[in-house]
Structure formats: C-alpha cells, structure tokens
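Read the structure below first, then the notes.
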Amino acid sequence: MRRGELYRVHNPSSRDPKKSRVFVVISRQVLLDSRFSTAICAPVYSTHDGLSTQIPVGIAEGLKHDSSIHCDELVSLHKTALTNYVGTLSFNKIQLLNEALSIALDIYDYRGKF
C-alpha cells in the first residue's frame, strides 16, 4: 500500500448510501509500513463543487468516470479494508492533493504559503 493509491471499499460506513466507495490513501508512508492498523484516506465522489479542497480525478487514475477527491472529509479506515486496488495518482495529482490537504487543514509552510 502506497500514499496516493486508490482503493474501492465495500460498505465504508453505515451513513454512506453507496454499497462501495473509492478512497485515496493520504497517510504518510512510514505509517502505512508500520503495524498501525489504520490509514487516513479521502473519499472520491462523482460530484465536483469547484472547491480548492477537491481534486479532479478520472479515467487516468483508474476510475470509470470523472470524479473528485474531497479533502474536507478525511476518514481513518482499517488497512484490511483497502484491498480492491483501483489506480494511483500521478506525481502532479499528488502535488495537488498536498495543496488541497494544506488548505483543508489550514496548514501553511514556513514561507507563509500553502
């Protein structure tokens, strides 16, 4: 399991109306390689509202249609649920993901920028 990979998770929560949902892994690699049982993930939805915390993704990332990663809705999922591999984000998409996460979490770098 690597940061930036997308996985389809079946029955992700009782509140989710869909039987399965795609999530992108955003945890740092050292956590993913550890014995820690969960990973921080962001859900992928078919809607895109144009927010700076949403990253457009689609067929290039292994999805069936255009969608977006929603960085304002982070969840912790058991690693054992992340088995149905869908695809991987490109380096450019990971850079966009990092920026969106910085905005979502209101984190600035040492230069005062996201």
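Where a number appears in this text, it was derived from the coordinates with a stated rule and is not lab data. These figures come from a predicted structure and were not determined experimentally. Here the Cβ positions follow ideal geometry from the backbone for every residue, glycine too, while neighbour counts run over all protein chains shown.
Pairs of Lys residues in the chain that lie 8 or more places apart, or on two chains, and have C-alpha atoms under 30 angstrom apart add up to 10. Using just the helices of the chain, give the 222 nm mean residue ellipticity in deg cm²/dmol: DSSP H runs with n ≥ 4 each add -39,500 (n - 2.57), and the total is spread over all residues, rounded to 500. Rounded to the nearest 500, it is -4500 deg cm²/dmol. In order along region 75-83, the Karplus-derived 3J(HN,Hα) couplings, from 6.51 cos²θ - 1.76 cosθ + 1.60 at θ = phi - 60°, round to 9, 9, 10, 5, 4, 5, 7, 9, 10 Hz, and Gly and Pro are given as x. For H78 and E99, the difference between the fully extended length at 0.36 nm per residue and the C-alpha to C-alpha distance is 5.1 nm. Computed over the Cα atoms of region 5-104, the ratio of the radius of gyration to the Kirkwood radius (Rg/Rh) comes to 0.93. Using Cβ point charges alone (K and R +1, D and E -1), the dipole size of the chain about the Cα centre works out to roughly 400 debye. The value of relative contact order for the chain, using C-alpha pairs under 8 Å at least six residues apart, is 27 percent.
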